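Peer 1: Dumping the structure here so I can ask a few things about it.
The values are calculated or read from the model by the stated rules, or taken from the named source; none is laboratory data. For clarity, every value in this text was computed on a predicted model and none was experimentally measured. Cβ sites come from the backbone with ideal geometry, for glycine too, and all protein chains shown count toward neighbours. Protein only, heavy atoms only, side chains kept; ligands, DNA and RNA dropped before computing areas. Shrake-Rupley method; radii C 1.70, N 1.55, O 1.52, S 1.80 Å.
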Amino acid sequence: MKFKVNSYHFKLLRDYERLSAFKEAIDDYAIRNGMDSNGSNSKVAFDLGCGSGVLSYFASEYMDRIIAIELNNSTYQLAKENLKEFDNIQVFNDDILSFDFSKLNEKADLIICEMLDTALIDEEEVPVLNRARKFLKDDGEIIPKGMINSAEPIFMNNHFIQYEDDEYSPIYVSLGVSVVYSEFDFLDDIGCDFSAEMELKIFNRDDLDKIGFEENLSEEKYDKFNLKENFNIEEDKLKINGIKLTSFTKLNENIICGPTPMLNPEMLIPIEEAEVRCGDSVRIRLEYVMGGGVETIKTEILEIVHDD
């Protein structure tokens, strides 16, 4: 099927890894529930923030009825045009947070909601699901099922929030392994005000040698931004000024998708610059409002524990 899309949704459709993950999750849902392309044992789905309508299209062969909702009017017009041949799909131009689900006179067996962003910060996945979940059947499911978020200590060249995606490659060096700091199941009610304390371990000397840390700092891109001037391995001095967040999308119990160009690209967040030593542990508090935007992000270094 050929979709009419704007430039942004063209990029979404070109992210084949993202599309295939959602297609596999929808197919898996149908298989587990004994559904087939002939519509036997079909059910009702809500596609929230449907965009151009591609996920409704994937689900159309299985579902008796699909309610697709899109707030942006120009995108809604595209979805309405793309899905006009499907009698089992109804497209609404409305805000999900105020949409009157009760007028549908039925609850959903499946909610599809790809209003995702790294760490659930910038898009409204959480507030939208907190509302729509009230109209999900007791044994209903949500695609995606949840998200796992991790963080690692870094030093970066530009001290502002950056995404690492196919259009922009920020310059930074990793100073330790990532640790999981939060995990969410979208079937649960989730508070939007998020706060977590994490302990990030800085690489020791053996770790730095194994990854060729000093050799990497000699690369041209690091020379250009003078990153190697901030590290003196011989004197056991390093600097940290940021954390890198990585999100893993749980489509269902068996399918987990890491970052793709258009699905939760890694995010670099600045923190107060501090000097550390190899093997130190850095305790950091991270706060933000899920769905509130990157301007709600707050960070604080609580403690640096030296590895004596």
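Peer 1: Search segment 39-60 for residues that are modelled with pLDDT under 95 and pair each with any residue that is not in a loop (DSSP other than H, G, I, E, B) when their beta-carbon atoms are under 7 Å apart and the residues are at least 6 apart or on different chains.
Peer 2: These pairs meet every condition: Lys43/Asp109; Lys43/Leu110.
Peer 1: Could you identify the single residue in Ile112, Ile96 that is touching an Asp or Glu at 6+ places or on another chain (Cβ under 6 Å), among the β-branched types (Val, Ile, Thr) and within 20 Å of Arg133 (Cα to Cα)?
Peer 2: It is Ile112.
Peer 1: Please go through segment 272-307 and pick out each residue that is touching a helix residue (DSSP H, G or I) at 6+ places or on another chain (Cβ under 8 Å) and assigned to a loop (DSSP other than H, G, I, E, B).
Peer 2: Cys278, Gly279, Met290, Gly291
Peer 1: Another question, if that's okay. What are the residues in segment 167-180 that are more than 18 Å from Pro265 (Cβ to Cβ) and either buried (at least 16 other Cβ atoms within 10 Å of the Cβ) or in contact with a Phe, Trp or Tyr (Cβ under 7 Å, 6 or more places away or on another chain) (or both), if any?
Peer 2: Val173, Leu175, Gly176
Peer 1: From the list Leu251, Leu245, Leu227, Leu208, which residue is surrounded by 15 or more Cβ atoms within 10 Å (Cβ to Cβ) and under 17 Å from Ile121 (Cβ atoms)?
Peer 2: Leu245
Peer 1: Only residues that are over 13 Å from Val5 (Cβ atoms), of a type outside the set (D, E, K, R) and open to solvent by 70 Å² or more (accessible area, probe 1.4 Å): list them for segment 59-84, please.
Peer 2: Selection gives Leu71, Asn73.
Peer 1: Let me ask something else. Could you tell me whether any residue of segment 186-200 is surrounded by fewer than 17 Cβ atoms within 10 Å (Cβ to Cβ), more than 19 Å from Ile269 (Cα to Cα), charged (D, E, K, R) and modelled with pLDDT of 95 or more?
Peer 2: Checked against the condition, which is being surrounded by fewer than 17 Cβ atoms within 10 Å (Cβ to Cβ), more than 19 Å from Ile269 (Cα to Cα), charged (D, E, K, R) and modelled with pLDDT of 95 or more, segment 186-200 yields at least one hit.
Peer 1: Which residues, taken from segment 144-154, are in a strand (DSSP E or B) and open to solvent by 10 Å² or more (accessible area, probe 1.4 Å)?
Peer 2: Matches in segment 144-154: Ile148, Glu152.
Peer 1: Could you identify the single residue in Gly49, Gly34, Gly53 that is surrounded by fewer than 14 Cβ atoms within 10 Å (Cβ to Cβ) and either at positive phi or in contact with a strand residue (DSSP E or B) (Cβ under 8 Å, 6 or more places away or on another chain) (or both)?
Peer 2: Unique residue meeting the criteria: Gly34.
Peer 1: In addition: With Glu124, Glu164, Glu141 as the choices, which residue is out of contact with any Cys (no Cβ under 8 Å at 6 or more places or on another chain) and either more than 23 Å from Glu295 (Cα to Cα) or open to solvent by less than 30 Å² (accessible area, probe 1.4 Å) (or both)?
Peer 2: Glu141
Peer 1: Further question: So which of Lys237, Lys250, Lys210 is out of contact with any strand residue (DSSP E or B) (no Cβ under 9 Å at 6 or more places or on another chain) and farther than 22 Å from Arg285 by Cβ?
Peer 2: Exactly one of Lys237, Lys250, Lys210 is out of contact with any strand residue (DSSP E or B) (no Cβ under 9 Å at 6 or more places or on another chain) and farther than 22 Å from Arg285 by Cβ, namely Lys210.
Peer 1: Hey, Leu13 hits all of (1) modelled with pLDDT under 95; (2) among the aliphatic types (A, V, I, L, M); (3) over 21 Å from the mean Cα position of the chain (by Cα) but one; which does it fall short on?
Peer 2: If we test Leu13 against (1) modelled with pLDDT under 95; (2) among the aliphatic types (A, V, I, L, M); (3) over 21 Å from the mean Cα position of the chain (by Cα), just (3) comes out false.
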